[in-house]
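The structure appears right after this line, and notes come after that.
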Amino acid sequence: MFEENRDLAWRLRFGTAPPEGTPELGALLTHRSVREYDAREIPEATIAGLVAAAQSAATSSNLQLWSLVSVQDRSKRNTMADLCGDQQQIRDAAWFFAFLADHHRIRYAAEKSGQPAEGLDYTEFYTMAVIDAALAAERMVCAAESLGIGICYIGGLRNNPAEIKQTLGLPMGVFGVFGLCLGWPKEPLTAEIKPRLSQDAVWFRETYNTEPNVAEYDERMREFYLEMKMRGDVSWSMRSARRVGPNQLTGRQVLKGWLEEQGFNHR
C-alpha cells in the first residue's frame, strides 16, 4: 500500500536519517490517514479477523470496557457522516465503526452475578474505558494496514453525542469515543506521511523537559504546509494554539455534562 522504506519514512517523519541500528518496522512508520477509497468491498471474514486483532489488545484487569458498532446501512451511514461534520470518507469507506467506551456490559454482568458495580461511578473507570477503546482500535488499525487496507480515525463522532446515542441505540453507560473508516485506498494515493515532533521533544530522560524544542518542528511543518498548498506563514504552534482555543470544540463543549448524564464521572 505505502511504498516508502524505513529510511525514507523516518526522514519524512523526523527530518533526519534513522539512528544506526534502528530496526525495520514495516508499515508502522509509513502510516497516514486515508480519506479516499475505491469501490472494492472488504469481506466480512477479513473484518472478523481485524476485530479479533482488536480484541487481542491489552485491557486493564481484563474488564474489556469497550465495544464497537459497525454501520453499513447506507441511510444510517449518511446520517453518521452528517453528525460527524459532513465527512465524505465516512460515506465512501467500505466499513465504518464507532468505537465505544462501554460500562453497560460490565454493569449488566455484575448485576446478573449479584455484585455491586459502584466503582464505575469513578473517573478512573471512564479513563480505563477510553484507554481500552484506543488500544483496541490501534491494534485493529495496525492489522488492517498490514493487509493494505487504509484507515481514517474520526474524532467528529464526539460532535453530537446525544444524536450519536440515538442513531446507534446506545444505552446508559456507553459513549462514542471516535469513529474509524476502513477501505482500500484509491489510486493514485494522495495521502502523504505527515512530519512528527522530533524524539527529543517527546522522549524525556528521567525528568520532564518543560521547554521542549518545537521551533525545529515549526520549520519542518512550514515546508510540509507549503507542499500541501497551505499557508506556510502560520506555524504548527500557531495552528495548534488556535485548535485548543475555546471556539474550536465543534459542539464538544457539552461533553462533561453529557457524560455525567450518561453515567460517567460521577466521582
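The values are calculated or read from the model by the stated rules, or taken from the named source; none is laboratory data. Quick caveat: nothing in here was measured; it's all calculated off a predicted structure. For neighbour counting, all protein chains shown are included, and Cβ atoms are generated from backbone atoms with ideal geometry for every residue, glycine included.
Scanning the range 162-190 for residues that are assigned to a loop (DSSP other than H, G, I, E, B) and in contact (Cβ under 8 Å) with a residue 40 or more places away in the chain yields 170, 171, 172, 173, 184, 186, 187, 189, 190. Note on the range 216-230: among residues that are touching a residue at least 24 places away in the same chain (Cβ under 8 Å) and assigned to a helix (DSSP H, G or I), the one that is nearest to residue 240 (Cα to Cα) is 221.
Each row is one residue, and each column tells you yes or no for (1) part of a loop (DSSP other than H, G, I, E, B); (2) more than 22 Å from the chain's Cα centre (by Cα); (3) in contact (Cβ under 8 Å) with a residue 12 or more places away in the chain.
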| position | (1), (2), (3) |
| --- | --- |
| 143 | no, no, yes |
| 192 | yes, no, yes |
| 205 | yes, yes, no |
| 210 | yes, yes, no |
| 213 | yes, yes, yes |
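Just one of the numbered conditions (1) hydrophobic (A, V, I, L, M, F, W, C); (2) over 16 Å from the mean Cα position of the chain (by Cα); (3) assigned to a loop (DSSP other than H, G, I, E, B) is not true of residue 34: (2).
Wholly within the range 71-123, which helices (runs of 4 or more DSSP H) include no fewer than the required count, namely at least 3 residues that are closer than 30 Å to residue 184 by Cα and touching a residue at least 24 places away in the same chain (Cβ under 8 Å)? Steps first, please.
On the way: elements: 74-83, 88-92, 104-112.
Counting at least 3 such residues, we get 74-83, 88-92.
Yes or no: the range 6-26 includes at least one residue that is in contact (Cβ under 8 Å) with a residue 12 or more places away in the chain and touching a strand residue (DSSP E or B) at 6+ places or on another chain (Cβ under 7 Å). Within the range 6-26 (the criterion being in contact (Cβ under 8 Å) with a residue 12 or more places away in the chain and touching a strand residue (DSSP E or B) at 6+ places or on another chain (Cβ under 7 Å)), the answer is no, since none of the residues qualifies.
Out of the range 181-206, which residues are over 24 Å from residue 16 (Cβ atoms) and not acidic (Asp, Glu)? It would help to see each step written out before you state the result.
So in the range 181-206, the residues over 24 Å from residue 16 (Cβ atoms) come out as 181-190.
181, 182, 183, 184, 185, 186, 188, 189, 190, listed by residue number.
Answer with yes or no whether residue 11 is of a type in the set (Lys, Arg) and either within 19 Å of residue 177 (Cα to Cα) or not in a helix (DSSP H, G or I) (or both). Criteria not met by residue 11.
Hey, among 209, 247, which residue is loosely packed, with under 12 Cβ neighbours inside 10 Å, farther than 24 Å from residue 127 by Cβ and out of contact with any Pro (no Cβ under 9 Å at 6 or more places or on another chain)?
Checking each option against the conditions leaves just 247.
Out of 169, 263, 251, 173, one residue alone is in contact with a strand residue (DSSP E or B) (Cβ under 8 Å, 6 or more places away or on another chain) and not aliphatic (A, V, I, L, M). It is 173. Looking only at the range 176-195, decide whether some residue is in the same structural domain as residue 53 (by TED's automatic domain parsing), out of contact with any Lys or Arg (no Cβ under 8 Å at 6 or more places or on another chain), surrounded by 17 or more Cβ atoms within 10 Å (Cβ to Cβ) and over 19 Å from residue 33 (Cβ atoms). No, the conditions are met nowhere in the range 176-195. Yes or no: the range 129-149 includes at least one residue that is touching a helix residue (DSSP H, G or I) at 6+ places or on another chain (Cβ under 8 Å), over 22 Å from residue 27 (Cβ atoms) and either among the hydroxyl-bearing types (Ser, Thr, Tyr) or at pLDDT below 95 (or both). No: zero hits.
Does residue 135 satisfy the condition of being over 17 Å from the mean Cα position of the chain (by Cα), in contact (Cβ under 8 Å) with a residue 12 or more places away in the chain and under 19 Å from residue 55 (Cβ atoms)?
On the way: over 17 Å from the mean Cα position of the chain (by Cα): no; in contact (Cβ under 8 Å) with a residue 12 or more places away in the chain: yes; under 19 Å from residue 55 (Cβ atoms): yes.
Answer is no for this residue.
Within the range 56-63, the presence of a residue that is of a type in the set (A, V, I, L, M) and under 24 Å from residue 89 (Cα atoms) is excluded.
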